[in-house]
Amino acid sequence: ARYAPSGHLIYAQEGMLKALPFDPRQLKALGPAVQVVDDVSVEAAARAGGSAHYSISSKGSLAYIPAGSASMARTLVWVDNQGNEEPVVSEARPYLGPRIAPTGNQIAMRIGEGDRSTDLWVYDTLRATLTRLTFEGNNYHPVWSRSGKRLTFTSNRTGEWLLHGVPSDGSSIAAQLEYTCS
């Protein structure tokens, strides 16, 4: 689930996105959930758990990948508060896991399908450009830095799943992050 500025928890359930009025201070639902979108793409292995391909910006814009196509070619769409959809990009590709930058004008995502590697890309909505950030291994779960200048993600490029980081503008290659757990 993700908290939206409208005061709702947005979550996936069986390919649908639902909005639950929620008070984050009291950690309490304020009413029943309502269906927002009914055809969101979800990971096949996680369909019951709801690992859906959507993201919400800090200003409340919702982007998601529609389900329903047998092929992996998909489009990205913006959805406004009235449920109106507008395509983000015109080219259909195997987009997965979109994440909107804190600035709201970039979207990080995976592009790939099946057993082929999946690389991270960033779409700049102001310039209408798509920039590839990774070139090896499988790369998942991009997380934006607060400034929107870097992405952290998991990758198996070395044979094991480790955290990596990369500038969101593609100005240098991704590198494994040094970290310790205590």
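Read-outs throughout are calculated quantities, based only on the coordinates presented, and are distinct from any laboratory measurement. These numbers were taken from a predicted model, which means no experiment stands behind them. Neighbour counts are summed over all protein chains in view; Cβ atoms, including those assigned to glycine, are modelled from backbone coordinates with ideal geometry.
Some observations on this one:
- Selected from ILE173, ILE100, ALA29, residue furthest toward positive end of dipole (the chain; charges at beta carbon): ALA29
- Relative contact order, percent, the chain [alpha-carbon distance under 8 Å, six or more residues apart]: 11 percent
- If only the Cβ of Lys and Arg carry +1 and only the Cβ of Asp and Glu carry -1, the dipole of segment 117-172 around its Cα centre is close to 220 debye.
- Computed lengthening from ASP38 to ASN105, 0.36 nm per intervening residue step minus Cα-Cα distance: 21.6 nm
- Size of electric dipole in the chain: Cβ of Lys, Arg +1 and of Asp, Glu -1, about Cα centre, debye, nearest 20: 460 debye
- In the list (i) 11.9; (ii) 10.8; (iii) 12.4, the label attached to mean projected area of the Cα convex hull in nm² as derived from the coordinates here is (i).
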